[in-house]
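Report on the structure given below.
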Amino acid sequence: MTHTHSAPTVKQRLAAVRHLFDWLVIGHVMETNPAHSVRGPAHSRRRGKTPVLAPEEARQLLDRIPTDTLIGKRDRALIGLMTYTFARIGAATGMEIRGVYAQNRRLWVRLHEKGGKQVELPCHHSLEAYLDEYIDAAGLKDTPRAPLFQTIRRGAGRLSGNALPQANAYAMVQRQTIAAGITTAVCNHTFRATGITRTGQTYPVDLLRAAHRLAGPAIHALRPRDDRCRWQRLVDGRHQHHRDPAGQRQRLGAAVFQTAYPFL
């Protein structure tokens, strides 16, 4: 297989085979997992392959999405959610209406990321406007357990009640980027990568610990409640540290959600 497929593809398929045999072992169909000792090809990368949008392209995409229809409002809210929150496409399309809620006079979102991790964070003011406009236009406030991003009934122009599949989200992203005149090749993961990359280029590492936790890797020095409070202090401009008497982190914290994305 290594002669016909790339190393990441081989490793992914080998992992699928291992999981299959693990399931058979758990069900007492087999005594051992014969694929457990099989090692895939070595592969590592220091630079990701996910395409990242330039600041001007990201702003251009959000501005060019037509919002005179319910489909346009849904598409803009989904793309904005992935960009502003670094959400994976699975976490975004798996959200329910109750995952968008008000707290401390601000709109928050609750994401269920891979590995069973639940992430709660406040919305950027632009994302807050995108979500409010979409939910109001769709009339979803009275159905808290319904999927937040749904497919559209053909010929009806209204939501179907079914969650938007990732394949449909990918097709939507391709359609909107072409319509916006963006030549960069994009995928569902592009917006998460764009948000993380641009934030990392704007702020020093010590201020981005909460952002790194949001993006995936665990920061064991912070409990979930402390991390949420840290985000709230960043939003409110009250991020301070006992080793920072000059208030540098406070000034940076006040600008995170306003200027971490200079294009947004």
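Confirm whether residue 45 is modelled with pLDDT of 90 or more and either within 28 Å of the chain's Cα centre (by Cα) or open to solvent by 30 Å² or more (accessible area, probe 1.4 Å) (or both). No; evaluated as a whole, the condition is false for this residue. Just wondering, is there one or more residues in segment 138-153 that are in a helix (DSSP H, G or I), in contact with a strand residue (DSSP E or B) (Cβ under 9 Å, 6 or more places away or on another chain) and over 26 Å from residue 51 (Cα atoms)? There is at least one residue in segment 138-153 that is in a helix (DSSP H, G or I), in contact with a strand residue (DSSP E or B) (Cβ under 9 Å, 6 or more places away or on another chain) and over 26 Å from residue 51 (Cα atoms). Considering only segment 51-59, I want to know if a residue exists there that is modelled with pLDDT of 90 or more and open to solvent by less than 30 Å² (accessible area, probe 1.4 Å). Looking through segment 51-59, none of the residues is modelled with pLDDT of 90 or more and open to solvent by less than 30 Å² (accessible area, probe 1.4 Å). Residue 80 - would you say it is assigned to a helix (DSSP H, G or I) and either surrounded by 15 or more Cβ atoms within 10 Å (Cβ to Cβ) or touching a Phe, Trp or Tyr at 6+ places or on another chain (Cβ under 6 Å) (or both)? The answer is yes for residue 80. Confirm whether residue 156 is of a type outside the set (Lys, Arg), at pLDDT below 90 and assigned to a loop (DSSP other than H, G, I, E, B). Here the answer is yes, as residue 156 does meet what is asked.
Would segment 85-105 turn up any residue that is of a type in the set (S, T, N, Q), open to solvent by 50 Å² or more (accessible area, probe 1.4 Å), part of a loop (DSSP other than H, G, I, E, B) and modelled with pLDDT under 90? Yes; the residues of segment 85-105 include at least one that is of a type in the set (S, T, N, Q), open to solvent by 50 Å² or more (accessible area, probe 1.4 Å), part of a loop (DSSP other than H, G, I, E, B) and modelled with pLDDT under 90. Cβ-Cβ distances below 9 Å connect the following pairs, each with a first residue in segment 96-115 that is under 23 Å from residue 142 (Cβ atoms), a second residue that is open to solvent by 80 Å² or more (accessible area, probe 1.4 Å) and in a strand (DSSP E or B), and a separation of six or more residues or different chains: 99/112; 108/102; 110/118; 111/118; 112/118.
The values are calculated or read from the model by the stated rules, or taken from the named source; none is laboratory data. Just so it is clear, the structure is predicted and the values come from calculations on it, not from any experiment. Please note: Cβ atoms are built from the backbone with ideal geometry, for glycine as well, and neighbour counts cover all protein chains shown. Accessible surface is based on the protein model in full, side chains and every heavy atom, while ligands, DNA and RNA are left aside. Shrake-Rupley method; radii C 1.70, N 1.55, O 1.52, S 1.80 Å.
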